[in-house]
Amino acid sequence: MAQHSPFDRIEGSLEYIGLLRETIQTTEIEIQRELVRARSERAERRLQALHLVTYKLERLGRHIDSSHRLLNDLRTLRRLLLGERAPGH
């Protein structure tokens with residue numbers, strides 16, 4: 001018997017990507033608070049590291065957004081190929 005995972009269907013992958021995006025956004029907010037604190041403490045090395053973290057999170061967010069769009073496209077194509085209808089239609 002095959003084991004099922006949340007990634008067996010595109011919808012599960014979309015949900016996972018959505019959760020990743022939320023986590024990235026929450027982390028970005030936390031890092032912005034840390035940046036303010038590092039500036040007020042004049043902690044230059046920490047400030048540089050936090051700027052790098054911000055940059056990496058922005059890049060990761062763009063990749064996640066791109067993955068979300070690709071998964072949406074694949075879901076739409078699957079529906080077209082299999083004659084499925086979108087929920088609510």
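Data table
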read-out: Unmet criterion (only one of (1) open to solvent by 40 Å² or more (accessible area, probe 1.4 Å); (2) touching a Gly at 6+ places or on another chain (Cβ under 8 Å)) for Ile24; value: (1)
read-out: Contacts under 6 angstrom Cβ, first residue in the range 20-40 being at pLDDT 95 or above, partner assigned to a helix (DSSP H, G or I) and of a type in the set (Lys, Arg), 6 or more apart; value: Ala38/Arg46
read-out: Residue list for the range 45-70, filter: more than 14 Å from the chain's Cα centre (by Cα) and among the β-branched types (Val, Ile, Thr); value: Val53, Thr54
read-out: Evaluation of Asp8 against (1) at pLDDT 95 or above; (2) out of contact with any Lys or Arg (no Cβ under 8 Å at 6 or more places or on another chain) (one fails), failing number; value: (1)
read-out: Matching residues, the range 12-48, being within 27 Å of His68 (Cβ to Cβ) and of a type in the set (Lys, Arg); value: Arg21, Arg33
read-out: Within the range 52-87, tally of residues that are open to solvent by 90 Å² or more (accessible area, probe 1.4 Å) and touching a residue at least 12 places away in the same chain (Cβ under 8 Å); value: 1
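The values are calculated or read from the model by the stated rules, or taken from the named source; none is laboratory data. Predicted model, so just to flag it, every value in this text is computed and none were measured. Don't worry about glycine lacking a Cβ; one is built from the backbone with ideal geometry, like all the others, and counts go over all protein chains shown. We work out accessible area using only protein heavy atoms, side chains counted, and drop any ligands, DNA or RNA first. Shrake-Rupley method; radii C 1.70, N 1.55, O 1.52, S 1.80 Å.
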